[in-house]
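Below is one structure, written out as structure tokens; the observations come after it.
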Amino acid sequence: MSSSPRVDALVIGAGPAALAIASALGERGLRVEALAAQEPDAAWTNTYGIWGEEVDRLGIGHLLGHRWSNTVSYFGSGQPGHNQATAHGRDYGLFNANALQQHWLDQTSRCGLGWQRGVAAAIEHGPDFSSVVTAAGQEHRARLVLDASGHEPIFVQRPGAGKFSAGVASQAAYGIVAGFSAPPVEPGQFVLMDYRCDHLTAAERSEPPSFLYAMDLGGGQFFVEETSLALAPALPFGLLKQRLQRRLAQRGVAVQELQHEEFCLFPMNPPLPDRHQRVLGFGGAAAMVHPASGFMVGSLLRRAPGLAAAIAKGLDSGASTSSAASAAAWEALWPLELRRKHALYRFGLEKLMRFPEAQLRQFFASFFELPGDQWYGFLANTLPLPQLLEAMLGLFARAPQGVRWGLMQPRGRELTLLARLLSG
């Protein structure tokens, strides 16, 4: 068995979460190594969206491939008289995935990060460092190991078994980039959620709902994606594809030139990891997907620098053990307020998963009647806990009676999640 030199941090993975934290650690002057099964510049196949306000605050607007000011949703049924758009009045952007990836790779290169190819297979912990052994028998030693390998982490332990364990709801989506016989959305428009259901039969409207997420990419190209908010088990891709085809056909739109297909599936409400373990998670491995919106990249960008600072501080003291450093890092990643917010978001999603199509449309129509800073902060996860509670109470007050009754009915794990909110 060969052994590489010991480093401060070993990051497992090569996706957005791994690159975000690896570059932030390198910027802190730590000796960092990354281990992944694929090359770090392997193309990312998913699309990553973010609100314009958020990307502007981060100063990386130049990494967007597209940006829209005409941002809307549709919460009517689609029947005559029920097609009015809800204007959001906020820019939305889609990252140029290659540019975002290269942005982080350039940072890691400047910091001298070493990339290693291999599949992490086993780990052993000593008092001062951890040793990761790959399937090929290579050993990599570091004072702290960070698992950023995705929603099915290699080493991070979470309550329950597996990505799709009981009670874990997943967002599923089927999308295409294509040229069409007619624009599927208005030119220059971004559609966050289109819940119009006039393409479905009355019986189908009693089934779990889905919505259209769509945007004009320019040059006659559009991205359209049929999306399920969250469900356990998830809606199958075949059903989502069929609904998308029927939605387009109802509007007299035909696919003429298919450029790309996207199959997206990720857990929305997994429990938080055990914060007492030695391996630190980041990204999907640490349940950082927003349980209400599915967003994560903005959170990676915001939180990576602060977490890297906490790790650097924890490793700075020669007297600090690796276990003490990881404990401090877990607390920095998931402090009490964020844990309580996560429980509150999971509580809300538990309610929405049981809403029928008409009730869900009413809920979102009421949600986007909140003051803009409230609904934006809710979706971006930037509201402090007191303001988040204020927004949720305001939504309850303005929602129709049917929605309020649905929010009050305890039909699942709501009481357990409320207890977690109070206990942290």
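List of remarks:
- Those residues of region 199-219 which are in contact with a helix residue (DSSP H, G or I) (Cβ under 7 Å, 6 or more places away or on another chain) and at pLDDT 90 or above, in sequence order: His199, Pro209, Ser210, Leu212
- Check on Gln256, over 23 Å from Leu94 (Cα atoms), in a strand (DSSP E or B) and more than 20 Å from the chain's Cα centre (by Cα): yes
- Scanning region 194-226 for residues that are surrounded by fewer than 22 Cβ atoms within 10 Å (Cβ to Cβ) and polar (S, T, N, Q) returns Thr201, Ser206, Gln221.
- Residue satisfying condition, being assigned by TED's automatic domain parsing to the domain that holds Trp115 and either assigned to a strand (DSSP E or B) or closer than 30 Å to Gly372 by Cβ (or both), within set Ala18, Ala34: Ala34
- Filtering region 86-97 to residues that are buried (at least 16 other Cβ atoms within 10 Å of the Cβ) and within 17 Å of Tyr213 (Cβ to Cβ) leaves Thr86, His88, Arg90, Asp91, Tyr92, Gly93, Leu94, Phe95, Ala97.
- For beta carbons closer than 6 Å, sequence separation of 6+ or different chains, a first residue in region 108-132 that is in contact (Cβ under 8 Å) with a residue 60 or more places away in the chain and a second that is of a type in the set (D, E, K, R), the qualifying pairs are Gly114/Glu33; His125/Arg278; Phe129/Arg6; Phe129/Arg141; Phe129/Arg143.
- Taking first residues from region 219-241 that are over 19 Å from Leu352 (Cβ atoms) and partners that are outside any strand (DSSP E or B) and of a type in the set (Lys, Arg), the Cβ contacts under 9 Å between residues at least 6 apart in sequence or on separate chains come to Val224/Arg247.
- Per-region count, region 42-53, residues in a helix (DSSP H, G or I) and in contact with a strand residue (DSSP E or B) (Cβ under 9 Å, 6 or more places away or on another chain): 1
- Taking the listed residues Leu349, Leu301, Leu272, Leu344, the one that is of a type outside the set (Gly, Ala, Ser), closer than 26 Å to Arg143 by Cα and in a helix (DSSP H, G or I) is Leu301, with no other qualifying.
- For first residues located in region 341-369 and not assigned by TED's automatic domain parsing to the domain that holds Trp405, partners that are part of a helix (DSSP H, G or I) and lie 6+ apart or on another chain with Cβ distances below 9 Å do not occur.
- Applying the condition of being hydrophobic (A, V, I, L, M, F, W, C) and farther than 15 Å from Gly298 by Cα to region 42-84 and asking which residue is surrounded by the most Cβ atoms within 10 Å (Cβ to Cβ) yields Phe75.
- Ala312 vs. criteria touching a Lys or Arg at 6+ places or on another chain (Cβ under 7 Å) and modelled with pLDDT of 90 or more: yes
- Any hit, region 12-19, residues being touching an Asp or Glu at 6+ places or on another chain (Cβ under 6 Å) and buried (at least 24 other Cβ atoms within 10 Å of the Cβ): yes
- Flag if Phe237 is more than 14 Å from Cys264 (Cα to Cα) and within 26 Å of the chain's Cα centre (by Cα): no
The values are calculated or read from the model by the stated rules, or taken from the named source; none is laboratory data. Keep in mind it's a predicted model, so treat the numbers as computed, not measured. Glycine gets a Cβ as well: all are built from the backbone with ideal geometry, and neighbour counts include every protein chain shown.
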